[in-house]
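Read the structure below first, then the notes.
The values are calculated or read from the model by the stated rules, or taken from the named source; none is laboratory data. This is a predicted model, so every value here is computed, not measured. Cβ sites come from the backbone with ideal geometry, for glycine too, and all protein chains shown count toward neighbours.
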Amino acid sequence: MKHLLKLLDLTGDEIMEVLNLADQLKYEKIHGIPHRRLEGKTLGMIFQKASTRTRVSFETGMFQLGGQAIFLNVADIQIRRGEPVEDTARVLSRYIDGIMIRTFDQKDVEDLAEHGNIPVINGLTDFAHPCQVLADLMTVREYKGSLEGMKMCYVGDGNNMANSLIVGGLKTGMSVSVACPEGYDPHPAVLEFAAGYENFSLEREPAEAAKGADVIFTDVWASMGQEDEKEKRKAVFGGKYQVSEKLLEAAAPGCMVQHCLPAHKGEEITAEVFEKHSAEIFDEAENRLHAQKAVMVMLME
């Protein structure tokens with residue numbers, strides 16, 4: 001594993017290797033065992049999209065691993081003034097030991113990896129959110145003991161979360177069902193990948209997708225950059241594509257609920273379900289720290 005650009009690039013074994021190391025680092029953190037495995041290393045963090053969990057978890061993670069992180073807002077670096085991504089990659093490769101980028105276009109992430117000579121981590125694009133899904137898989141395994149044979153259901157927009165959950169779930173032995181409105185399906189490249197698995201289904205009815213699910217995921221109906229579609233999307237998704245107590249009746253007993261946050265309670269998830277499953281959801285948020293530390297160690301140590 002040279003980079004983390006998207007989960008499509010990784011094998012199931014590589015994903016499990018990240019999860020196993022994340023478990024170890026979490027254990028060490030909880031028990032006060034120092035793991036300064038990136039002493040003297042520097043991570044550059046490029047942000048074109050706003051962030052809470054991504055910035056804080058990466059910055060804190062680098063500190064706990066003995067390194068440092070530099071926050072690079074695109075408003076403050078030369079990319080905004082027209083410097084090509086490939087030139088930025090070649091410059092940063094002379095200064096730092098890794099790049100994390102949170103941006104819109106997946107091509108920016110791929111170009112940084114192609115033209116630089118240091119590891120690149122996708123902190124989020126419109127196509128993929130691999131760091132979040134590694135934390136999600138880590139959390140499901142903590143609660144369920146295994147991923148193999150579990151059923152994952154995703155309800156909502158076929159966005160970057162849906163794309164990465166489908167790939168991560170299938171590659172780790174889970175069954176995956178997705179419920180999206182027509183016209184809001186996951187990316188064609190992801191559906192082409194999923195077509196090779198008998199344990200994948202794309203549904204229009206959330207209750208059908210949720211049948212027997214061990215964990216249900218959802219995300220906001222309008223992601224960053226889609227604010228002008230908010231009312232239109234409310235009309236399409238509202239009243240149906242919501243994780244509610246009624247939907248959970250179709251799931252397996254003890255079904256988990258996960259949300260990448262921030263949550264719009266009363267839209268994609270009811271406040272009642274969110275609070276009932278808040279321990280699982282905030283464990284999921286915490287595990288961003290541990291999963292990303294594992295990625296950084298594997299790429300930068």
Report task. State which residue is surrounded by the fewest Cβ atoms within 10 Å (Cβ to Cβ) when the search covers only the stretch 19-66 and only residues that are of a type in the set (Gly, Ala, Ser) and closer than 19 Å to Leu4 by Cα. Result -> Ser51
Query raised in the report: Looking at this structure, is Val176 touching a residue at least 24 places away in the same chain (Cβ under 8 Å) and assigned to a loop (DSSP other than H, G, I, E, B)?
Result: no
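Only strands (runs of 3 or more DSSP E) wholly contained in the stretch 31-123 count here; list those with 1 or more residues that are of a type in the set (D, E, K, R) and either over 22 Å from the mean Cα position of the chain (by Cα) or in the same structural domain as Ala294 (by TED's automatic domain parsing) (or both). Walk me through it before giving the result.
Numbers: elements: 42-47, 68-73, 98-102.
Once the strands (runs of 3 or more DSSP E) in the stretch 31-123 are filtered for at least 1 residues that are of a type in the set (D, E, K, R) and either over 22 Å from the mean Cα position of the chain (by Cα) or in the same structural domain as Ala294 (by TED's automatic domain parsing) (or both), what remains is 98-102.
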Query raised in the report: Out of curiosity, is Ala250 assigned to a helix (DSSP H, G or I), in contact with a helix residue (DSSP H, G or I) (Cβ under 7 Å, 6 or more places away or on another chain) and aliphatic (A, V, I, L, M)?
Result: no
Requested in this report: Filter the stretch 3-35 down to residues that are in contact (Cβ under 8 Å) with a residue 12 or more places away in the chain and among the acidic types (Asp, Glu) and give me whichever is nearest to Ile166 (Cα to Cα).
Outcome: Glu14
Report task. Could you please find all residues in the stretch 153-173 being surrounded by fewer than 24 Cβ atoms within 10 Å (Cβ to Cβ) and without any contact (Cβ under 8 Å) to a residue 60 or more places away in the chain? Result -> Gly158, Leu170
Report summary line: Of the candidates Leu191, Leu289, Leu261, Leu299, the one satisfying the condition of being within 21 Å of the chain's Cα centre (by Cα), in a loop (DSSP other than H, G, I, E, B), under 30 Å from Pro119 (Cα atoms) and modelled with pLDDT of 95 or more is Leu261
Report task. List every residue pair whose Cβ atoms sit under 7 Å apart, with the two residues 6 or more apart in sequence or on different chains, where the first one lies in the stretch 189-214 and is farther than 21 Å from Gln258 by Cβ and in the same structural domain as Leu165 (by TED's automatic domain parsing) and the second, anywhere, is part of a loop (DSSP other than H, G, I, E, B) and among the acidic types (Asp, Glu). Result -> Leu191/Asp185; Arg204/Glu182
